[in-house]
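The values are calculated or read from the model by the stated rules, or taken from the named source; none is laboratory data. Bear in mind the structure is a predicted one, so any value in this text is a computation, not a measurement. Backbone-built Cβ (ideal geometry, glycine too); neighbour counts: all protein chains shown. Surface areas here come from the heavy atoms of the whole protein model, side chains and all, with no ligands, DNA or RNA. Shrake-Rupley method; radii C 1.70, N 1.55, O 1.52, S 1.80 Å.
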Amino acid sequence: MAGAAPCSLRAKRLLLDPKFEGYKLSLEPLACYQLGLDAAVAEVKLRDDQYTLDHMRAFGMYNYLHLDSWNQDNVYYVDQCGRVMNLSVTLDTALQKPREVFRLPANLTAYDNRLCASIHFSSATWVTLSDGTGRLYLIKSGKRGNSVSEKWEIAFNEELGSPFIISHSVSLVKCDTHSVAVLLLRIEKDELDTKGSGFHITLEWVTVAEKSKEGDHRYEIVRRRVLQGKSVPHYAAIEPSGDGLMIVSYKPFKYLQDEDNKSEENDDAKATNEEKDPLYYWQQTNDDVTITVNIPQDTTKDDIKVHFSPDNICVTLKDQPPLMEGKLYSSVDHEGCTWIIRDNTSLEISLMKKNEGPQWPELILGDTRGEFVMDPSQRSEIADSLMHLTSEVMNPDPEKENPPCNAQELEECDAFLEDSASLCRFDGDTLKVTHVVHLGSNQYLFSVVVDPKEMPCFCLRHDVDALLWQPHSDQPENMWEHIATFNALGYVQASKQDKKFMACAPDYSYAALCECLRRVFIYRQPAPLSTVLYNRKEGRQVGQVAKQLVTTLEANDPILGFQATSERLFVLTTKTLFLIKVNSGN
C-alpha cells in the first residue's frame, strides 16, 4: 500500500447521542405474513473440502434473498427448479404467490462443485446473474416489479472458469457505449500456501461492453483483472462511475498483474529504492514547524517560489515541477510563514501553527518523502512521560490494588478477532491503492443500499454504537460520510451469539438482526412520544424512546435470507417467505 494516502473516518458529533439510555422492550405485536413456496430455495450446503472460515463466511452465510434496491417492494430468490422467483408487494394483506421471471438454462443439480446462484441488480433495467457453475449472465430485465414490462432477456452469457458468486455490479454509459462492470468472488486452492489455510481469495473485475458490428449489437468481455487476498472481503463495491473500487477486508488485496505490467512495476520499484535519501527533513514545536530542503548550490531566491495558504503548501524550484506540494496535516497562519536560504545549500521554511500544542504525525497528508527529526528535548520529555509505565523489575507489583488494566473486566462481546481490518480504495485503471483507512477495533457489521445510484453504505461498530458510512467516490475530501447512528447497536449485536444476518431500513428508522432459527430482533431508533412520560429516578420528562421488538417465526427451517426496507422485513426460510410489517407506510 505504498503511496496510498492514509485517511480516517470522521464521525459527526451531531449524530451521536451520549445520553442514550437504552432500548425499552416493547410487547407491541407486529403483523407477520407468510407465503409458502412452490419449490424450496436452492440452498447449496458446504462440501467437505470447503472447511475454512472463509468458506463459511462467503458461502455458508450467504444471503439467498435479494432485494431490488431500485424498487424496494421487490425481492427475488432462486429455487431448486432453477427458477428466479419474484415477490412484488403492493398490499401486505393481499400478497400474491411468488412468480417466475427467469429460468436458468442449465440443470444445476448435474454439477457437483457448484456454488449458490447469485443475483445483483446493476441498474433499474439490468441484472447480473450467476448460476453457481462459473457462468455469468447479463440480463436486460425491463422495468422490474411490473408483470407487463418485466421480461428478462439474456444479453450476454459466458463460461468464466471456476465457480464464483457475484459481489457487486454497476451499469455504466461512457462515450455513448453501455457496459456493465461485475465483481466475481472465488475461493481457490493455493498450493504454495503451506502455513495458512491452503486457500486464497480472488476478486475478478470483469467489464462487459456493447459492441456494434455491421448493425449487430452484441455484448462482449472487454477487460478482466484479478485482485488476490487471504480473507473474504466484508465489503467490495465498484464506484458508480467505474473509476475505482472499495474493499473492506481483514487482510489486504493486491492486483495480480500480467508480465508486461510486472516488469514496469519492478522498474519503478528499483528506481524508488535507489532514491533512499529523504526529500526534506522537518521538526516541530508546540508553536511552529521547520522544514529543511536541500537545493543545488548557487540557487538564488528568484529561482524559488513558495506559496502558503491556510491548509496547503507548494514549493517550486525554477521551472521544474513542484518540489513539495499538498495539504498540510493541520492549518497554519499563512501570513506568518517565512522561508530563507541557508548556507547557499538548503531552503529553510518556517510554518506557524494555527492551533498551538497538538503534535503533527505527518507534514503533508500522504507524502512519505520527508523525514521527521525529533529534538533532543522532545525525546527527553517523551521518555519522562513514559517512565511511570516502565520498571527495571519484571512485573514488580502483580498484586497491586488497582492495576492499570484488568483484562477480566472486559466483556466477551468487547473482544475483536479482526483488529487489523482496513478499508482500501483502488484506482480503477491501475488497481493501485489510493486511500487506506485502518479500522482497528471498528468492527464491520453489515452493508445496506440507501440510494441505488450511490455505492452501498457500510456499518461499523464505534465503541458501543453502530455508525453508517456512505462512500462518495466523487468527493476526495469527504470520501466516507457518517450519515446515521444506531445507538448501542454495536454492543447489543455482540451479545447475540446466534446471529446470522443484520440489516437496517434505508431511512435509518430501525435496525434488525436475525438468528439462524426463528427469532428476529428489531431495534427502533428514538422517536418522539405521543404521551407524556417521566423518568421517576431523575424526575424529568422523557421526550423520546427507543424500542426493542422481538418476533418469533412459525418455522422450523433455518433462515436463509434477510432484507429490510423502510416499511417491512423480508425473511426467507427453506420453504417459506415471511413479511414483518415494522413501520406503516406514509
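Ordering 563-571, 319-327, 545-553, 331-339 by mean Cβ neighbour count within 10 Å, with the highest value first, yields 563-571, 545-553, 331-339, 319-327.
State in Å² the accessible area per residue of the chain; use a 1.4 Å probe, count heavy atoms of protein chains only, and round to the nearest integer.
On the way: 31670 Å² over 586 residues.
That works out to 54 Å² per residue.
By its C-alpha gyration tensor, with a ≥ b ≥ c as the square roots of the eigenvalues, how is the stretch 24-103 shaped: rounded for a/c under 1.5, else prolate for a/b larger than b/c, else oblate? Because a/c hits 1.5 or more and a/b fails to exceed b/c, the stretch 24-103 counts as oblate. Each label point was placed 7 Å from the Cα along the Cα-to-Cβ direction; for Glu454 and Val550 their separation is 3.5 nm. Full extension of the chain segment joining Tyr51 with Leu14 gains 8.9 nm, where the gain is 0.36 nm per residue of separation less the Cα-Cα distance.
Relative intensity of the chain on a log10 scale, I(q)/I(0) at q = 0.11 Å⁻¹, equals -1.16, per a Debye sum over C-alpha point scatterers of equal strength in the absence of solvent. For Asn355 and Asp176, the difference between the fully extended length at 0.36 nm per residue and the C-alpha to C-alpha distance is 59.4 nm. Per DSSP H run of n ≥ 4, the term is -39500 (n - 2.57); total these for the chain, divide by its residue number, and report the mean residue ellipticity at 222 nm rounded to 500 deg cm²/dmol. Result for the chain: -1500 deg cm²/dmol, rounded to the nearest 500. Taking label points 7 Å from Cα along the Cα-to-Cβ direction, Glu188 and Glu348 give a separation of 5.7 nm.
Here the calculated FRET efficiency for Asn146 and Glu100, from their Cβ-Cβ distance with R0 = 25 Å, stands at 0.95, rounded to the nearest 0.05. When only the Cβ of Lys, Arg, Asp and Glu is charged (+1, +1, -1, -1), the dipole of the chain relative to its Cα centre reaches about 2800 debye.
A full extension of the chain between Thr368 and Thr316 corresponds to an added length of 16.9 nm, given 0.36 nm per residue minus the alpha carbon distance. Computed from the C-beta positions of Leu27 and Lys581, the FRET efficiency with R₀ = 25 Å rounds to 0.95. By its C-alpha gyration tensor, with a ≥ b ≥ c as the square roots of the eigenvalues, how is the stretch 280-368 shaped: rounded for a/c under 1.5, else prolate for a/b larger than b/c, else oblate? Cα axes put the stretch 280-368 in the prolate bin. Each part gets one Cα centre, and for the stretch 69-110 versus the stretch 284-308 those centres are 67 Å apart. Counting protein heavy atoms only, the chain has 48 percent of its accessible area on carbon and sulfur, 1.4 angstrom probe.
I'd like to compare 109-116, 554-561: which one has the highest average count of other Cβ atoms within 10 Å, and what's the full order after that?
554-561, 109-116
The GluC sites (Glu not before Pro) found in the stretch 130-191 that occupy coil by DSSP, while having at most 12 further C-beta atoms within 10 Å, are Glu191. Taking the Cα of Asp38, stepping 7 Å toward and past its beta carbon, and measuring to each backbone N in the stretch 56-78: which are under 18 Å? Residues 75-78 qualify, since their backbone N sits under 18 Å from the label point.
Mean sequence separation of contacting Cα pairs (under 8 Å, at least six apart), scaled by the length of the chain, corresponds to a relative contact order of 14 percent.
Averaging 1/r across all pairs of distinct Cα atoms in the stretch 82-150 and inverting the result yields a Kirkwood radius of 13.4 Å.
Placing a pseudo-label 7 Å from each Cα along the Cα-to-Cβ vector at Leu517 and Asp277 gives an inter-label distance of 7.2 nm.
Helix 376-386 and the longest principal axis of the C-alpha atoms of the chain enclose an angle of approximately 50°. For the chain, the longest principal axis of the alpha carbon atoms and the long axis of helix 259-274 meet at an angle near 30°.
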